[in-house]
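The values are calculated or read from the model by the stated rules, or taken from the named source; none is laboratory data. All values derive from a computational prediction rather than experimental measurement. Every residue, glycine among them, receives a Cβ derived from its backbone with ideal geometry; neighbour counts consider all protein chains shown. These accessible areas exclude ligands, DNA and RNA; they are computed on the full protein's heavy atoms, side chains included. Shrake-Rupley method; radii C 1.70, N 1.55, O 1.52, S 1.80 Å.
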Amino acid sequence: MSCSTVTVGLGTQSYQVTIGAGALQADIPWMTSALAGRRCIPIIDETVFALHGETVLRRFSDGGILLDRPVLVPSGERAKDFAEFGRLLDQVLSRGIDRRTVLIAIGGGVTGDLVGFAAATLLRGIDFIQIPTTLLAQIDSSVGGKTGINTAFGKNLVGAFHQPIRVCCDIGFLDTLSPRDLRAGYAEMVKYGLIDDPDFFDWLEKNGPALLAGNADLRADAIHHCVAAKARVVAADEKETGPRALLNLGHTFGHALEAEAGYTGTLLHGEAVAIGTIMAFDLSVRLGLCPAADAVRIRQHFLATDLPVDAKSFGFDPARLLAHMGKDKKAVGGTLVLILARGIGGCFIARDVAADDVLAVVQAG
Ligand code: GLY
């Protein structure tokens, strides 16, 4: 299978995303030239290192690229905190870096966000490469330059926009991903259809189960489709002053659920986004904006792909969830900014949603 490419067009900060089986091998010639004479530090999720470390490092050495000894970071959302960030900075600084040093993030969204934020801040900004190994990171978090860590006050509240110089989405990594992690990433894939691409949602209803079951052609096509959509949005609105906010569909609810769950793995990010997406559509129905049948269709698709659709079973306190939502960085002047929908493929940014309506949906969900 040959690889496809997408360019994220950001002027002098533009970069290529390579997608497919063997994408890492396909990217080695570019890396050989881009990394020549520079200190390159691979920073690898410890689970990914156990599964793929040797193979990945051999690809680089076979291409004549001399990498530093890898730095390992813990798996899971809990690793995205100040303590881990500090440990990572110390380890990288202890290697004696300079402004030409390149960090290579190899792992899921947590690793990418953590390493990207380290790259954004070390020496006031050095280059980094994303080699995402989860579906969620390949279709969303590795592209677009959002980096950051969580705090006790909420998710991603400390961070920076800092674009990678390359993203390499090798779908071979997905073969060792747990079905649960794969489904969690799939929830973010569905998001692209729901925002403004109803044909893609139709396609996922038809092909999603086979894609999740392992069909490599479907995976490569769908990942390319999502990355291309994301690249268009990021090129139009890098710093999220406008339409990029649509990519946060389900995230304000989802981040509150994750904060309540305590980043323990009880609820993965993509699972929280799935429940949050259902809540966003339920709220849209409640406000008379969206046909109820569309919300039912999404719920049915999530159930068919084994994604969670309600928060009830987790026993969260609705008032606490609402309080978390008020701290979300998308809240402006105490008013919640939410992504609502006029139907599947018809999402928009709503700035004036009454807290009572949000609470009613959270209580019901
Ligand atoms: N994950 C949403 C964004 O990158 O804007």
* Does any residue of the range 130-153 turn out to be of a type in the set (A, V, I, L, M, F, W, C), modelled with pLDDT of 95 or more and away from the ligand (no atom under 16 Å from the Cβ)? -> yes
* Asked: Out of curiosity, is G144 crowded, with 21+ Cβ neighbours inside 10 Å, assigned to a loop (DSSP other than H, G, I, E, B) and at positive phi?
  -> yes
* Structure fact -> Only one of L88, L103, L72 is in contact with a helix residue (DSSP H, G or I) (Cβ under 7 Å, 6 or more places away or on another chain), at pLDDT 95 or above and closer than 17 Å to N156 by Cβ, namely L88
* Restricting to helices (runs of 4 or more DSSP H) lying wholly in the range 199-305: which have 2 or more residues that are within 16 Å of the ligand (Cβ to nearest atom) and within 26 Å of S75 (Cα to Cα)? -> 216-236, 251-261, 269-286
* **Flag for K329 being at pLDDT below 85, open to solvent by 10 Å² or more (accessible area, probe 1.4 Å), farther than 30 Å from A210 by Cβ and basic (K, R)** => yes
* Would you mind stating whether D181 is open to solvent by 40 Å² or more (accessible area, probe 1.4 Å), touching a residue at least 12 places away in the same chain (Cβ under 8 Å) and within 16 Å of the ligand (Cβ to nearest atom)? => no
* To do: Among the residues of the range 22-42, count how many are within 13 Å of T101 (Cα to Cα) and either among the acidic types (D, E) or not in a helix (DSSP H, G or I) (or both).
  => 8
* To do: Tell me which residues, restricted to the range 71-125, are over 26 Å from T266 (Cβ atoms), part of a loop (DSSP other than H, G, I, E, B) and touching a Leu at 6+ places or on another chain (Cβ under 7 Å).
  => I97, R99
* **Failed item in (1) more than 25 Å from A222 (Cα to Cα); (2) among the hydrophobic types (A, V, I, L, M, F, W, C); (3) open to solvent by less than 10 Å² (accessible area, probe 1.4 Å), with L123 passing the rest** => (3)
* To do: Scan the range 270-308 residue by residue and report those that are buried (at least 24 other Cβ atoms within 10 Å of the Cβ) and touching a strand residue (DSSP E or B) at 6+ places or on another chain (Cβ under 8 Å).
  => A280, F281, L283, S284
* Among residues of the range 129-149, those that are more than 23 Å from A210 (Cα to Cα) and within 14 Å of the chain's Cα centre (by Cα), counted -> 11
